[in-house]
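Visitor: First, the structure itself, so that you have it in front of you.
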Amino acid sequence: MKKKLERIIEIPSGTQISFNNGELIVKNSGKEIRKKIDTKEVLITLDNNSIKISSEKATKRESKMVGTIWAHINNMIKGMNEDFIYKLEICNIHFPMNVKVEGDSVVIKSFLGEKIPRKAKIMPNTKVEIKGNQIIVSSYNLEFAGQTASNIEKATKLTGKDRRVFQDGIFITEKCGEKI
């Protein structure tokens, strides 16, 4: 069943939003997030202080696209006011591992006694802090914060070993204030 669907987002003061050639740009106090958005059946219009995301003949597919674009824009606006924070826990049972930040990567040394250090890429505009056995990843871009946390967790992934015995690794314990 096709129906008209519309969602409106209020733009907070101090935040500038522009939409050109399928690229949405959100700016506020020196921060900038750019995102390509595919808008075949979805129409995005900018007013003075609001964004309207709509579809004239919305089927189930277009309804999902309107909701997805709405969520992405809300996260971009939210990131301009506060950082997204991921917390990771360093767990080592067999060998103590050394974790430190070097440039644009996290270096994990002596993971399960390995001689070659493992590296995880840090995305741009993302800050990584190591405090004891906890790693804190923060960024105003939700996608970059999540990808950096995922890169760190993936760097210590084990294959071919029994996870009940080999419980070593770095694991995400908290995503944006929600415990996992």
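Visitor: Output the residue which, of all residues in region 38-57 that are assigned to a loop (DSSP other than H, G, I, E, B) and charged (D, E, K, R), is surrounded by the fewest Cβ atoms within 10 Å (Cβ to Cβ).
Guide: Going residue by residue through region 38-57, those that are assigned to a loop (DSSP other than H, G, I, E, B) are 38-42, 47-49.
Going one step further and asking which of them are charged (D, E, K, R), we end up with 38, 40-41, 47.
Numbers: 38: 10, 40: 7, 41: 14, 47: 9.
Taking the candidates together, the pick is 40.
Visitor: Could you figure out which of (1) touching a Ser or Thr at 6+ places or on another chain (Cβ under 6 Å); (2) within 21 Å of residue 144 (Cβ to Cβ); (3) assigned to a strand (DSSP E or B) isn't true of residue 80?
Guide: (3)
Visitor: Ok, one more. For a quick check of your reading: which strands (runs of 3 or more DSSP E) sit entirely within region 95-165 and have at least 3 residues that are out of contact with any helix residue (DSSP H, G or I) (no Cβ under 7 Å at 6 or more places or on another chain)? Don't jump to the end; show me each part of the working.
Guide: Working: elements: 98-102, 105-109, 118-121, 126-131, 134-139.
Per the criteria, 98-102, 105-109, 126-131.
Table: residues versus (1) in contact with an Asp or Glu (Cβ under 8 Å, 6 or more places away or on another chain); (2) farther than 18 Å from residue 15 by Cα.
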| position | (1), (2) |
| --- | --- |
| 48 | no, no |
| 52 | yes, no |
| 72 | no, no |
| 90 | no, yes |
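Visitor: Need the failing condition index for residue 60 against (1) charged (D, E, K, R); (2) surrounded by 14 or more Cβ atoms within 10 Å (Cβ to Cβ); (3) more than 17 Å from the chain's Cα centre (by Cα), just the number.
Guide: Unmet for residue 60, out of (1) charged (D, E, K, R); (2) surrounded by 14 or more Cβ atoms within 10 Å (Cβ to Cβ); (3) more than 17 Å from the chain's Cα centre (by Cα): (2).
Visitor: Additional query: Looking at residue 71 and the list (1) surrounded by fewer than 13 Cβ atoms within 10 Å (Cβ to Cβ); (2) assigned to a strand (DSSP E or B); (3) small (Gly, Ala, Ser), which single condition is not satisfied?
Guide: (2)
Visitor: State which residue pairs qualify: first residue more than 16 Å from residue 170 (Cβ to Cβ) and modelled with pLDDT under 95 and inside region 110-134, second residue in a loop (DSSP other than H, G, I, E, B) and hydroxyl-bearing (Ser, Thr, Tyr) in any location, beta carbons under 7 Å apart, and separation of 6 or more residues or different chains.
Guide: Short answer, once both residue conditions are applied: 125/140.
Visitor: Please find, within region 156-180, the residue that is farthest from residue 79 (Cα to Cα) out of those that are among the hydrophobic types (A, V, I, L, M, F, W, C) and touching a Phe, Trp or Tyr at 6+ places or on another chain (Cβ under 8 Å). Give the steps one after another, and end with the answer.
Guide: Let us first name the residues in region 156-180 that are among the hydrophobic types (A, V, I, L, M, F, W, C), namely 158, 165-166, 170-172, 176, 180.
Imposing the further condition that a residue be touching a Phe, Trp or Tyr at 6+ places or on another chain (Cβ under 8 Å) reduces the set to 158, 172, 176.
Details: 158: 33, 172: 20, 176: 11 Å.
Selected residue: 158.
Let's see how each residue does on (1) farther than 25 Å from residue 136 by Cβ; (2) among the hydrophobic types (A, V, I, L, M, F, W, C); (3) at pLDDT below 90:
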residue	(1), (2), (3)
11	yes, yes, no
18	yes, no, no
23	yes, no, no
26	no, yes, no
29	no, no, yes
38	yes, no, yes
59	yes, no, yes
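Visitor: Here is a follow-up. Determine whether region 100-114 contains at least one residue that is under 30 Å from residue 26 (Cα atoms), surrounded by fewer than 16 Cβ atoms within 10 Å (Cβ to Cβ) and within 15 Å of the chain's Cα centre (by Cα).
Guide: Among the residues of region 100-114, not one is under 30 Å from residue 26 (Cα atoms), surrounded by fewer than 16 Cβ atoms within 10 Å (Cβ to Cβ) and within 15 Å of the chain's Cα centre (by Cα), which makes the answer no.
Visitor: Looking only at region 48-62, count every residue that is among the hydroxyl-bearing types (Ser, Thr, Tyr), in contact with a strand residue (DSSP E or B) (Cβ under 6 Å, 6 or more places away or on another chain) and closer than 19 Å to residue 2 by Cα and tell me the total. Walk me through how you get there before you give the answer.
Guide: Of the residues in region 48-62, the ones among the hydroxyl-bearing types (Ser, Thr, Tyr) are 50, 54-55, 59.
Cutting the leftovers down to in contact with a strand residue (DSSP E or B) (Cβ under 6 Å, 6 or more places away or on another chain) gives us 50, 54-55.
Those left that are additionally closer than 19 Å to residue 2 by Cα: 54-55.
Qualifying residue count for the region: 2.
Visitor: Inside region 15-37, can you point out the residues that are exposed (fewer than 11 other Cβ atoms within 10 Å of the Cβ) and touching a helix residue (DSSP H, G or I) at 6+ places or on another chain (Cβ under 8 Å)?
Guide: Within region 15-37, 29 is the sole residue that qualifies.
Visitor: Spot the failing condition for residue 131; the list is (1) under 19 Å from the mean Cα position of the chain (by Cα); (2) farther than 22 Å from residue 116 by Cα, and only one is missed.
Guide: For residue 131, the exception is condition (1).
The values are calculated or read from the model by the stated rules, or taken from the named source; none is laboratory data. This structure is a prediction, so every number in the text was calculated from the model and none was measured. As a convention, Cβ positions derive from the backbone with ideal geometry for all residues, glycine included, and neighbour counts pool all protein chains shown.
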